[in-house]
Amino acid sequence: MNIANWLHATALLRPDAPAIYHGESLYADYRRFAQEASHIGQRLVQNFGLQPGDRVALYMQNRVEYLSLLYAIWWVGAVAVPINYKLHAKEAAWIVGNAQATLLFSDDGMLHDAADLSSCRELGMKDGAFNTLVEGAAHDGLAAPASVSSNTLAWLFYTSGTTGRPKGVMLTHGNLMAMSLCYAVDVDNVSTDDTMLYAAPLSHGAGLYNFVHVRFGARHMVPQSGGFDSNEILGLGASVGNLCFFAAPTMVKRLVQAAKAAHADGAGIKTIVCGGGPMYAADMVDALDTLGPRFAQIYGQGESPMTITAMRREVISGRDHPKWHERLASVGTAHSCVEVRVVSEDMADMPAGDCGEVIVRGSTVMQGYWRNEEATRQTLVQGWLKTGDIGYLSSDGFLTLTDRSKDVIISGGSNIYPREVEEVLARCPGVFEAAVIGAPHPDWGEEVVAFIVVQPGSAIDAAALDAWCKSEIASFKKPKRYEFCPELPKNSYGKILKTELRQRLSST
Ligand code: AMP
């Protein structure tokens, strides 16, 4: 089944319902949204010979036309390749080439000036490409989307690539549907009165949440700023109400800081879905204290998009539960449509509480990597997705992530999970952010090194941090060195780049 059927169905059922907003101005109701998608899809076929299965790349900022373009691609059975607009032009061009896209929509139509796009035709939004394609859409009836099977490729999702080249994760219409149904069951209830705000790139996690909101006929909003502006979001919450959005942990921290400065309590924000990186328990407590019970958490990866485990608002804000603190540091329990196991290197189940690699099987798991059989073979093993994440399951099914497998530090033969040390540092008064890595050591193999961003106005030093860690964790886990820095290196999705921290150490 074509995921665009959801838009078609909602447009037939509630044509006049408001669908897409730019800030607080209405851009399209559901009739218009579906007409644009259907009309543009037909035009892409007529004008450019687009065929089912062809790849169409989108390298553009979050904008109201983004959703219509995505659905236009699916309407005619083609494959969308959304590319993070924060990537360098050369990186974007590499993805266009790797996906063998035949069409590319870009902001300014200038990507071909920066890199060779070979046979890909580029259409610039600023050159009026969208306006030309959409002309006449208002007079269209609503032809149904192309009929495709659920295992037809829909979205080539390029991994964020904290190391090496990104890989194209092949997501089918069926994967996207399963993911969306899981959202409504396991993450948050969705209603027609909700507004899904796209404050993070639509090419990644934030964009994946559009489907379930289309199915429910909810509102979609691209903020005026086009990105994550904490004060704008606090203002939109107050004026729009029932605001929902995805935020990486760094964005949550920025929002909490802004709310504290403005004495705001997040009124009108319904749900902040947090994920994409470790959300330290201390930060979550701070966020709850400041903004109230508005948080859900998800753990996923492009390879099982946004859907491995989840923790609903009731669990995150359930302070009375005897295991509340423990659960806050976890990423929740398995989504409804996946099985989650923690296994040893030979794929044997680890006992509850023991660390191993997290593996996943179910209807959200990708088909494989685009034209990369070797990587697919290494990642999909015996029908299971090897996530590369290390964690442990509690006896009641909560998964706690300790690290990416390659980030585990082995010092004097002991495994040290940076996440555990980072949790301790995050609780230390005066610390804004911390990242822990292993540095080569002649005697111990590796030693623990912490990179620290100090809270503005605080004068915390290495001795104070050392005393804090001494009082909280075993001394073999304690950082042997503290490196102070004004900020941590992050990729365009806000993930900390530990490879870059390692390079910094090796070059000093
Ligand atoms: P990506 O495919 O770019 O979305 O990256 C996925 C990776 O981000 C996962 O494999 C985890 O290492 C990390 N990640 C995602 N969600 C969480 C979370 N809630 N807590 C900790 N790490 C996370």
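The values are calculated or read from the model by the stated rules, or taken from the named source; none is laboratory data. Worth saying up front: this structure is predicted, and the values here are computed from it rather than measured. Counting neighbours? That spans all protein chains shown, and the Cβs are built from the backbone with ideal geometry, glycine included. Just so you know, the surface numbers come from the protein's heavy atoms only, side chains and all, with ligands and any DNA or RNA stripped out. Shrake-Rupley method; radii C 1.70, N 1.55, O 1.52, S 1.80 Å.
Numerical summary
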{"read-out": "Contacts under 8 angstrom Cβ, first residue in the range 197-222 being without any contact (Cβ under 8 Å) to a residue 40 or more places away in the chain and closer than 16 Å to His173 by Cα, partner in a helix (DSSP H, G or I) and of a type in the set (Ser, Thr, Tyr), 6 or more apart", "value": "Val212/Ser180; Val212/Tyr183"}
{"read-out": "Single condition Leu58 does not satisfy, out of (1) open to solvent by 50 Å² or more (accessible area, probe 1.4 Å); (2) in contact (Cβ under 8 Å) with a residue 12 or more places away in the chain", "value": "(1)"}
{"read-out": "Checklist (1) within 16 Å of the chain's Cα centre (by Cα); (2) near the ligand (Cβ under 9 Å from one of its atoms) applied to Thr307, failing item", "value": "(2)"}
{"read-out": "Filter result (more than 18 Å from Leu70 (Cα to Cα) and touching a residue at least 40 places away in the same chain (Cβ under 8 Å)) within the range 223-240", "value": "Pro223, Gln224, Gly227, Leu236, Ser239, Val240"}
{"read-out": "Pick from the range 371-396, criterion under 21 Å from the mean Cα position of the chain (by Cα) and closer than 30 Å to Pro479 by Cβ, ranking: surrounded by the most Cβ atoms within 10 Å (Cβ to Cβ)", "value": "Gly391"}
{"read-out": "Flag if Ala72 is touching a Gly at 6+ places or on another chain (Cβ under 7 Å) and open to solvent by less than 30 Å² (accessible area, probe 1.4 Å)", "value": "yes"}
{"read-out": "Any chance Glu345 is at pLDDT below 95 and surrounded by fewer than 22 Cβ atoms within 10 Å (Cβ to Cβ)", "value": "yes"}
{"read-out": "For Asp286: the one exception among (1) within 16 Å of the ligand (Cβ to nearest atom); (2) over 21 Å from the mean Cα position of the chain (by Cα)", "value": "(1)"}
{"read-out": "Which listed residue, of Glu447, Glu433, Glu472, is away from the ligand (no atom under 16 Å from the Cβ), assigned to a strand (DSSP E or B) and not β-branched (Val, Ile, Thr)", "value": "Glu447"}
{"read-out": "Search result, residues across the range 313-342 that are open to solvent by 10 Å² or more (accessible area, probe 1.4 Å) and part of a loop (DSSP other than H, G, I, E, B)", "value": "Ser317, Gly318, Arg319, Asp320, His321, Pro322, Lys323, Ala329, Ser336, Cys337"}
{"read-out": "Residue selected from the range 449-459 under the condition at pLDDT below 95 and open to solvent by less than 80 Å² (accessible area, probe 1.4 Å), by the criterion farthest from Glu433 (Cα to Cα)", "value": "Ser458"}
{"read-out": "Failed item in (1) in a loop (DSSP other than H, G, I, E, B); (2) out of contact with any helix residue (DSSP H, G or I) (no Cβ under 6 Å at 6 or more places or on another chain); (3) within 16 Å of the ligand (Cβ to nearest atom), with Pro486 passing the rest", "value": "(3)"}
{"read-out": "Sole residue being over 18 Å from Trp74 (Cβ atoms), within 16 Å of the ligand (Cβ to nearest atom) and modelled with pLDDT of 95 or more, chosen from Asp193, Asp229, Asp188", "value": "Asp188"}
{"read-out": "Residue check for Asn151: in a loop (DSSP other than H, G, I, E, B), of a type outside the set (Ser, Thr, Tyr) and in contact with a His (Cβ under 8 Å, 6 or more places away or on another chain)", "value": "yes"}
{"read-out": "Residue match in the range 86-109 (condition: hydrophobic (A, V, I, L, M, F, W, C), surrounded by fewer than 20 Cβ atoms within 10 Å (Cβ to Cβ) and more than 22 Å from the chain's Cα centre (by Cα))", "value": "no"}
{"read-out": "Any chance Gly141 is more than 16 Å from the ligand (Cβ to nearest atom), free of Cβ contacts under 8 Å to residues at least 12 places away in the same chain and open to solvent by less than 30 Å² (accessible area, probe 1.4 Å)", "value": "no"}
{"read-out": "Selection count where residues are assigned to a strand (DSSP E or B) and open to solvent by 10 Å² or more (accessible area, probe 1.4 Å), scope the range 11-49", "value": "7"}
{"read-out": "Selection status of Leu399, at pLDDT 95 or above, open to solvent by less than 60 Å² (accessible area, probe 1.4 Å), out of contact with any Cys (no Cβ under 9 Å at 6 or more places or on another chain) and within 30 Å of Lys478 (Cα to Cα)", "value": "yes"}
{"read-out": "Test for Ile473: is it touching a Cys at 6+ places or on another chain (Cβ under 9 Å) and open to solvent by less than 30 Å² (accessible area, probe 1.4 Å)", "value": "no"}
{"read-out": "Residues of the range 403-422 classified as surrounded by 21 or more Cβ atoms within 10 Å (Cβ to Cβ) and over 15 Å from Phe451 (Cβ atoms), total", "value": "3"}
{"read-out": "Some residue of the range 124-136 being within 27 Å of Met170 (Cβ to Cβ) and assigned to a loop (DSSP other than H, G, I, E, B)", "value": "yes"}
